[in-house]
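Inspection log for the structure reproduced underneath, given as structure tokens.
Here, each number is a calculation from the coordinates, and none is a lab measurement. Since this is a predicted model, take the numbers as computed values, not measurements. Note: ideal-geometry Cβ built from the backbone for every residue, glycine included; neighbour counts use all protein chains shown.
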Amino acid sequence: MDKMPYAEPYKIKMVEAIKSTSKEERIEAIKQAGYNLFNLRSEDVLVDLITDSGTGAMSDKQWSAMMLGDEAYAGSRSFFKMKDTIKSILGFDFVLPTHQGRAAENVLFSALVKEGDIVPGNSHFDTTKGHIEFRKATCIDCTIDEAFDPTLIHPFKGNANIEKLEETIKKYKNNIPFVIMTVTCNNGGGQPVSLKNLKAVRAVCDKYDLPLFFDSARFAENAYFIKKREEGYADKTIKEIVAEMFVLADGMTMSSKKDAIVNIGGFIAMRSEDLYKKCSVFNIMFEGYLTYGGMAGRDMAALAQGLDENTEFPYLDARISQVEYLGKRLKEEGIPVMEPFGGHAIYIDALRFLPHIPQVHFPAQVLGIELYIEAGVRGVEIGTVLADRDPVTREERPPKTELLRLAIPRRVYTNNHMEVIVWGLKKVWERRKELKGLELDYEAPIMRHFTATFKRK
Ligand code: F0G
């Protein structure tokens, strides 16, 4: 009781108005959108939780860094500022800027992945999987089984099952270009990986002489959970923990739109000069010259500043406490949420919310539509739509968990906004038994979730 309540370690200097709509307007808007939340105009959304990617609020220091951006095509000062920050926080010598995370994947995988390859990891993110499958290679998910039970409490549900990883490597040894660990694990529910597990993965990679990469979009949030949950790290700074994590990796792909709090940007960082040279060819082809890679100089300047700010404990504590606040409030109201709560998002368990709708009729998508209609809150489906069809058989492949993700943008909303979300979900919960499933009307051959349209059953 004596503990001082937490508060955001910043105050608000600029605001952006958001519009309220009526329920009737929202029913019409979502119908026009083909029941795909991606097709809505953001103007028609009150609280936008479709992603925490590129939606954060930059600080005054980031905005002033933008004014100092060097827009030189080659050798930009802002590139070197970014490179030096990456070296000091993450420890890598070689850096290639890219316009966002999936671009980093595209460049790195162009250099490393070929047809028939197997890429083991912990629940690969959909763009990672997309870029691997696009090259006719296969992802093998070695996440621990505990991760797939949304009610089971485990401090590190992003962990890899080391035995499964080793078996996979033994089986496909000659076809494995690298192992990839996603920190935190987004598709697994924003769940962290422990340092102990990362070290064990490294040891297996060493045993079989395989490179290890981190998909690092939310690496700082992962470090926060290590500090809070793993024995021996409570007194370490976030930057110390980050250093201990990344010393284990040969390289990383980064979507800076998350844990560097910029609206656009990404990079690949690595230790090997040889790999850097291979990737450089593809970076120049797909992204841009080596010292800008699809970003403006000012974006690289803001990225460097954001990386530094986002690896400080007080900021992370406020950010993750807000996500936790939402999770606790939903739980209090009896809404089935995935636990432990994620770092960047709360995941609603659609299988428990709408048990009468089979996965092939997209219950998490139904939930997303209804929450929007009720309260103007936009989440995103992390379920059967996102999982997409099997690339070979073209059959649906419902995943083990069917979730509606409510991703919280960084430094953007207050806890009053969180209360609107709780209110909306309570309303949907009250009429859950009346809700029906969906059928696909249109789908693209790959990454269908962005553009698919649906019919209500
Ligand atoms: N890896 C992870 C773990 C991600 O969450 C994302 C993006 C990417 C890679 C790709 O990065 O968007 O910059 O190209 N996640 C966003 C999300 C889209 O909403 O979770 P990107």
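Listed by chain and number, the lysines placed with their C-alpha closer than 17 angstrom to that of K455 are K31, K436; residues fewer than eight positions away on the same chain are left out. With the simple model of a label 7 Å out from the Cα in the direction of the Cβ, V247 to F286 spans 3.2 nm.
Classify region 202-306 as rounded, prolate or oblate, taking a ≥ b ≥ c as the square roots of the eigenvalues of its Cα gyration tensor: rounded when a/c is under 1.5, otherwise prolate if a/b is larger than b/c and oblate if not. Oblate is the answer for region 202-306, as a/c is 1.5 or above yet b/c matches or exceeds a/b.
At an R0 of 35 angstrom, the distance between the Cβ atoms of R389 and K427 translates into a FRET efficiency of 0.60. A simple charge model with +1 on the Cβ of Lys and Arg, -1 on the Cβ of Asp and Glu and nothing else charged puts the dipole of the chain at about 260 debye relative to its Cα centre. Computed per residue of the chain from DSSP H runs no shorter than four, each worth -39500 (n - 2.57), the mean residue ellipticity at 222 nm is -12000 deg cm²/dmol. For region 439-445, the Karplus equation 6.51 cos²θ - 1.76 cosθ + 1.60, evaluated at θ = phi - 60°, returns couplings of 10, 6, 10, 9, 8, 6, x Hz by residue, with Gly and Pro reported as x. The length gained by stretching the chain between I27 and D93 to full extension, at 0.36 nm per residue less their Cα-Cα distance, is 18.6 nm. Placing dummy labels 7 Å off each Cα toward the beta-carbon, the span from T451 to I18 is 2.9 nm.
Tell me, rounded to the nearest percent, the portion of alpha carbon pairs in region 60-310 spaced more than 33 Å apart.
Cα-Cα pairs in region 60-310 separated by more than 33 Å: 15 percent.
Of all DSSP-defined beta bridges confined to the chain, some 65% are antiparallel rather than parallel.
Rounded is the label for the chain, because the ratio a/c of its alpha-carbon gyration tensor axes (a ≥ b ≥ c) stays below 1.5. With the Cα gyration tensor of region 329-457 giving a ≥ b ≥ c as the square roots of its eigenvalues, does the rule (a/c under 1.5 for rounded; else a/b larger than b/c for prolate; else oblate) give rounded, prolate or oblate? Cα axes put region 329-457 in the prolate bin. Given in Å, the Rg to one decimal and the Dmax to the nearest whole number for the Cα atoms of region 254-411 are 19.7, 55. Exposed loop sites here mean GluC sites (Glu not before Pro) with a DSSP loop assignment and at most 16 other beta-carbon atoms within 10 Å; the chain contains its longest site-free run at 116-230.
Between the C-alpha center of region 35-65 and that of region 390-457 there is a gap of 18 Å.
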